[in-house]
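Have a look at the structure below, then the notes.
Laboratory data are not the source of any read-out in this text; all were calculated from the coordinates shown. Nothing here was measured: the structure is a model prediction, and the numbers come from that model. All Cβ positions, even for glycine, are placed from backbone atoms using ideal geometry, and neighbour counts span all protein chains on display.
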Amino acid sequence: DWTSDVFIDATIAELKEKLGNDKVVMGLSGGVDSSVAATLIHRAIGENLVCVFVDNGLLRKNEYEEVLHSYKDLGLNVIGVDAAQRFYDALAGKTDPEDKRKAIGNTFIEVFDDEAHKIEGVKWLGQGTIYPDVIESVSVNGPSATIKSHHNVGGLPDFMKLKVVEPLNTLFKDGVREVGRALQIPEAIVGRHPFPGPGLAIRILGDITPEKVSTLQQVDHIFIQGLKDDKLYDEVWQAGAILLPVQSVGVMGDERTYEKVVALRAVASVDGMTADWVHLPYEFLGKISNEIINKVKGVNRVVYDISSKPPATIEWE
Ligand code: XMP
């Protein structure tokens, strides 16, 4: 029978054997998968693991600072890279979802490669790939393989010539969380909702500007904080807000407004491959909607996404 303790002991022993005195470089995303994978590798080889955490300018509000701080608390050897402007430059004027994903994927590879080259004699690339990522990427008929390019799986540029180590590639998300808790990784990381590699860029429909990112960060923060305050966060597999390329007429005092619309999305799922929209309480939705419209400049309407996957996907792009 599978237990997290047996998995942890066996995996650390295997990693020690496989990696010996080799150096490993690994990109961290702030998510549970890469954090747990890095912690296992760190337990096996200590300071020979060098982690890179990139601020792509598309993270949630305050996320870069908070996550970097938790990684340091975990004892990980982590380099933080502020590359927001490089991502904004690469995204400028792009509106097609696949073009946006490719621009982000390519920029990430460039930034990451710059950092990896600074590490003397590195031999391995660590990845937080979990079992559903493996399936979605390799299956010929799998939806995401053809519909959306997942840049964080097998996204290894030829010139890096690193071998890949993926200690979690047999686990589902709940298994990863169990292992993370057994490793005493803080609940803020272990219980965190999944968040896509391309970040808020695929939740801002149309072109990306720093202003739009800031607007969406404020909306998203109100929604996520509200879920936490009302003890709904852990009931939901994933939640977030989407900034629509739509303006609608509203009224504020006796002024007519013509401002942005945001959609809120909250889904229940096991592995992200299928998902149902969550029946959040009307009172909660009403309160969050009011708070968003009152506090976030430039937004005058909030809608709730009630589509399931399939046929919709979790993300809008
Ligand atoms: P979809 O939108 O395909 O999303 O139903 C399924 C799950 O995958 C996440 N997602 C991504 N995660 N890189 C990631 O790391 C990506 O490019 C990416 N695209 C979607 C999405 O947030 C959901 O959890």
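When only C-alpha pairs under 8 Å and at least 6 residues apart count, what is the relative contact order of the chain, in percent? Don't skip to the end; give the middle numbers.
Numbers: 517 pairs, mean separation 53.5, N = 317.
Relative contact order here is 17 percent.
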Would you grab the residues whose amide H sits under 5 Å from the one on Asp55? Only those 5+ places off in sequence or on another chain, please, with H modelled 1.01 Å from N. Val81, Asp82, Ala83
Calc'd 3J(HN,Hα), the range 94-103, phi into Karplus 6.51 cos²θ - 1.76 cosθ + 1.60 (θ = phi - 60°), Hz, glycine/Pro = x, comes to 7, 10, 6, x, 6, 4, 5, 4, 5, 4
Counting each DSSP H run of 4 or more residues in the chain as -39500 (n - 2.57), what helix-only mean residue ellipticity at 222 nm follows after dividing by all residues, to the nearest 500 deg cm²/dmol? -13000 deg cm²/dmol
Descending principal axes extents, the chain, alpha-carbon based, whole Å: 70, 43, 41
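Say the cut-off is 32 Å between C-alpha atoms; which of Lys100/Lys309; Lys118/Lys228; Lys61/Lys173; Lys100/Lys260; Lys100/Lys123 go over it? Walk me through the numbers on the way to the answer.
Details: Lys100/Lys309 22 Å; Lys118/Lys228 40 Å; Lys61/Lys173 24 Å; Lys100/Lys260 21 Å; Lys100/Lys123 30 Å.
Those over the limit are Lys118/Lys228.
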Quick check: the distance between the Cα centres of the range 193-235 and the range 1-54, to the nearest angstrom? 29 Å
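Normalising by the residue count of the range 260-317, find the relative contact order in percent from Cα pairs under 8 Å and 6+ residues apart. Don't skip to the end; give the middle numbers.
Working: 65 pairs, mean separation 27.8, N = 58.
Computed value for the range 260-317: 48 percent relative contact order.
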Least to most buried among Leu264, Leu49 (fewest other Cβ within 10 Å first): Leu264, Leu49
Among 298-309, 3-14, how do they line up from the highest to the lowest mean number of other beta-carbon atoms within 10 Å? 298-309, 3-14
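Can you sort Met252, Met26 from fewest to most other Cβ atoms within 10 Å of each residue's own Cβ? Intermediate results must be reported in sequence, preceding the final value.
Details: Met252 11, Met26 25.
Ranking Met252, Met26 by Cβ neighbours within 10 Å, fewest first, gives Met252, Met26.
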Hey, what did the range 4-190 get for relative contact order, percent, Cα under 8 Å, at least 6 apart? 28 percent
Take the chain, connect every pair of alpha-carbon atoms lying under 10 Å apart with a spring to form a Gaussian network, then pick out the residue of Glu98, Glu166, Glu255 with the largest mean-square fluctuation. Glu255
Note the angle between two axes, namely the Cα long axis of helix 282-295 and the longest principal axis of the Cα atoms of the chain, as a number of degrees from 0 to 90, rounded to the nearest 10. 80 degrees
With 5 Å bins from 0: P(r) over the range 4-190, alpha-carbon pairs, percent: 1, 8, 16, 19, 21, 18, 11, 4, 1, 0, 0
Burial ranking of peptide ranges 38-44, 80-86 (average Cβ count within 10 Å, highest at the top): 38-44, 80-86
Have a look at Lys100, Lys212, Lys18 and tell me which one the Gaussian network model of the chain (Cα, springs below 10 Å) gives the largest fluctuation. Lys18
Under a Cβ-only charge scheme (Lys and Arg +1, Asp and Glu -1), can you give me the dipole magnitude of the range 4-190 about the Cα centre, in debye to the nearest 20? 160 debye
GNM result for the chain, Cα springs below 10 Å: residue of Val270, Val25, Val164 fluctuating most strongly: Val270
